[in-house]
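The values are calculated or read from the model by the stated rules, or taken from the named source; none is laboratory data. Quick caveat: nothing in here was measured; it's all calculated off a predicted structure. Cβ coordinates were reconstructed from backbone atoms using ideal geometry, including for glycine residues, and neighbour counts include every protein chain displayed. The area values use the complete protein model at the heavy-atom level, side chains included, leaving out ligands, DNA and RNA. Shrake-Rupley method; radii C 1.70, N 1.55, O 1.52, S 1.80 Å.
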Amino acid sequence: MINRIRDIRREKNLTLADVAARCTPPTTAQTIGRLETGMRQLSLTWMNRIAAALEVEPEVLVRTASSQAPSVVARLLESGAEALPTPRDALLPTELGGSGEGPLVAIAVEAGCGDYRAGDQLWLRQESAEARWARFLNRDVLAPRPGGRYAFGRLVDRDGRRLAILPPGIGQRMVVIDNAAWVAVAEMLVRRL
């Protein structure tokens with residue numbers, strides 16, 4: 001088994017001390033460092049604590065040695081591509097958790113529309129707590145409509161569970177949804193080149 005704690009921690013821009021403080025009960029940065037480097041046994045109890053601190057599922061903290069995961073080998077800066085000191089695992093949006101606790105859903109773009117091209121895949125996080133919807137204003141969202149339909153576009157207005165969504169295409173009319181069950185906000189765009 002290969003320990004992925006360090007890769008996930010770095011992807012989330014957290015220090016060892018940040019993760020240690022987020023653990024319940026809190027621990028030390030040294031302990032987290034020993035667990036992520038394999039100097040200390042990673043028990044199921046520690047996996048659950050660290051997964052909760054990193055806001056991911058415990059099973060993503062390790063992978064089998066036989067599985068070939070994609071690697072991040074460089075970073076792109078204003079001056080150009082720069083090699084990383086050591087390659088690290090490239091993490092999928094499902095492994096990173098995200099800013100919310102709701103499930104992830106995806107939209108497959110089959111025809112270019114607005115900022116999106118045919119072949120794109122858009123990952124969105126569902127949120128059913130109405131109190132958090134105000135944060136989604138002026139962001140792309142997906143919301144369910146009656147009859148098994150959906151509305152997608154920029155959330156331009158919200159009044160309680162009533163949403164006004166402007167689709168991304170030119171000349172399309174705003175969609176108003178009364179009593180939406182949930183809203184999914186765009187978190188990641190996956191585009192093949």
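In order along region 140-147, phi translates into HN-Hα couplings of 6, 9, 10, 9, x, 10, x, x Hz, rounded to whole numbers, per the Karplus curve 6.51 cos²θ - 1.76 cosθ + 1.60 with θ = phi - 60° and x for Gly and Pro. Got a sec? Charge dipole of region 69-193, +1 on Cβ for Lys and Arg, -1 for Asp and Glu; which of L193, S128, V176 is way out at the positive end? It is V176.
Trypsin sites (Lys or Arg not before Pro), restricted to region 156-193: which are DSSP loop and have at most 13 other Cβ atoms within 10 Å? Mind showing how you got there, number by number?
Working: sites: R158, R161, R162, R173, R191, R192; in loops: R161, R173, R191, R192.
Sites meeting the loop and neighbour criteria: R173, R191, R192.
Want the number for V62 to A74: 0.36 nm per residue separation, take away the alpha-carbon distance, what's left? Please list the in-between numbers first.
Details: separation 12, 0.36 × 12 = 4.32 nm, distance 2.25 nm.
Residue separation times 0.36 nm, minus the Cα-Cα distance, leaves 2.1 nm.
What you get for the chain, charging only the Cβ of Lys and Arg (+1) and of Asp and Glu (-1), is a dipole of about 100 debye around the Cα centre. Remark: spin-label model distance R161-S43 equals 4.5 nm, labels positioned 7 Å along the Cα→Cβ axis.
Which percent of the accessible heavy-atom area of region 1-93 goes to carbon and sulfur, probe 1.4 angstrom? Don't skip to the end; give the middle numbers.
Values: 3070 of 5760 Å².
Of all accessible area on region 1-93, carbon and sulfur atoms account for 53 percent.
So which residue, out of L54, L44, L104, gets the largest mean-square fluctuation from a GNM of the chain using Cα contacts under 10 Å as springs? Answer for the Gaussian network model of the chain: L44. The residue among N138, S79, T27 whose Cα reaches farthest toward the positive pole of the charge dipole of the chain, with charges on the beta-carbon of Lys, Arg, Asp and Glu, is T27.
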